[in-house]
Amino acid sequence: MRQLSQSLAANLAVLDKMFGTSADYYAKEITIYHCRGSILLFDGMASLDSLWELLLDAASRQAPPQQAGQRCTGPQVFELILHGSAFPAESEPVTDLADLIKRMTAGMAVLLLDGCAKGIAFSVQGLKFRSVDEPSGEGNLRGSREGFADLLRVNLSLLRRLIRTEHLVQEVAQADTEMQTEYAICYCKNRADSAMVIRVRKALAAAKPELLLDSSYFVPWLLPGKARLFTPVSYTERPAVAAAKICEGKIVVLVNGSPSAMVLPALFCENFECLDDYASTAVFSSFLRILKYVSFYLTVFLPGVFVCLAVYLPELIPPQLLYKIEAAEKATPLPLFAEMLLVILILEVIREAGLRMPQSLGHSVSLVSALIIGDAAIATGLMSTPVIFVASITAIAVFVTPSLYEPATLLRLGVVLAAGLAGPVGLAGAFFAVLLSLSGTACLQVPYLAAHPFPQRPMAEDGIIRRNYRRLSAHDFNIWQKREGK
């Protein structure tokens, strides 16, 4: 990369050619300690008030030692400011053009001096960012209300405030993209597997996404190969959750500009857990976990089981219920199999419309979908009440485990197709296909279906049934190691 020149005019000419047409580029020539220099920054990212207070005001009150009739040269002023004064400058000087641009785009101000081929950076960031609010997608009754912001440095400070130990490591690097987006790898060096940390670091350094707007953009490079329904990574916008995962030995990846933190590796059973599980009683937490497991399997298999029983095995349905289903289906023009697929697709369209449209129009979607589409479809005989009832149950049950929404939706459609086309054989085949998809998924050599204390036996104290938190705290948990005494 091009090195900085000793000529201030040459450096300013290069920068003016690069950023001269940008409205936020700010270059102010000054004289400090009788030496010509220039302050460089991007307006809106660095605070001018802080800069003048730190640099110019202090320089006006401090005179460098010099002989009469002699002026300080650029290298002398550089050494004086960087090492011989109380100016809060960055310890590492700016030596090349790439480093200069990196510091400026990070919100720093850079001082260039005439006759010196190095610059001095000042941390006077004045970046505007969204406040640390509660995440809207991860609701909890107890615990912290803080959520990650969009600025990477703010998110790193939130993690550091929770994990106050020397073992926490936060490695910041720039992605190999046109945008040069920063990302961070966070882990505890005494808990995370060093080989897996190196593997993740190399994978992210080798990744070349066209754009990097979220941590999920790294997944194709972290998990290359075949297409998969279940992705063995999880995401969170809560610093408390990310801190808990780091203390379990996991690796957290944060990207500048996104509040979503990616956690590596993730287990299937963790989709049925939340922070409230450990703040509530063990009995109630166990009940909620069982309810979440039941809801997930309902949303995946209930429509397919209903189609299979109604079309291929009606003798297994109670007579009174069977008569009502038959009477409702006689009034509809479509077969039950096609009707179920149509209702599921319509519900997905309604869900997507409610998610993407402006919030001010959200009530209109609910009104149109509930009163007009649902009531009119039944009244005109286009759809039957049992089919809409079953599809509605599955649509609601999927929101109990929102992290599994994407695979659950695709699996639900696949199970309905298999059950409608092949009956009980197709339903059984779909079940084994789901099981095969789960068992064939892994991340960083940790199977997706691995028990909590990888790689030995299931974690009886904190599985589907949770034990008392005092008992859980008696054993240190690390995802890479067996638990002591097991």
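See the values below:
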quantity	calculated
Restricting the stretch 236-284 to residues that are of a type in the set (Ser, Thr, Tyr) and surrounded by fewer than 20 Cβ atoms within 10 Å (Cβ to Cβ), the residue that is nearest to Cys186 (Cα to Cα)	Ser260
Among (1) outside any helix (DSSP H, G or I); (2) of a type in the set (Val, Ile, Thr); (3) touching a strand residue (DSSP E or B) at 6+ places or on another chain (Cβ under 6 Å), the one test that Ile246 misses	(1)
Within the stretch 19-70, considering residues that are part of a helix (DSSP H, G or I), farther than 21 Å from Ala106 by Cα and charged (D, E, K, R), the one modelled with the lowest pLDDT	Arg61
Test for Gln125: is it surrounded by 15 or more Cβ atoms within 10 Å (Cβ to Cβ), at pLDDT below 80 and either in the same structural domain as Phe87 (by TED's automatic domain parsing) or in contact with a strand residue (DSSP E or B) (Cβ under 9 Å, 6 or more places away or on another chain) (or both)	yes
Unmet requirement for Gly107, which otherwise passes all of (1) within 25 Å of Ala10 (Cβ to Cβ); (2) of a type outside the set (S, T, N, Q); (3) at pLDDT 75 or above	(1)
Some residue of the stretch 151-163 being outside any helix (DSSP H, G or I) and not β-branched (Val, Ile, Thr)	yes
Conditions (1) under 21 Å from Lys250 (Cα atoms); (2) in contact (Cβ under 8 Å) with a residue 24 or more places away in the chain; (3) among the hydrophobic types (A, V, I, L, M, F, W, C); number of the one not met by Val172	(2)
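The values are calculated or read from the model by the stated rules, or taken from the named source; none is laboratory data. Because the structure is a prediction, the values reported are computed rather than measured. FYI the Cβ positions are ideal-geometry reconstructions off the backbone, even for glycines, and counts take in every protein chain you see.
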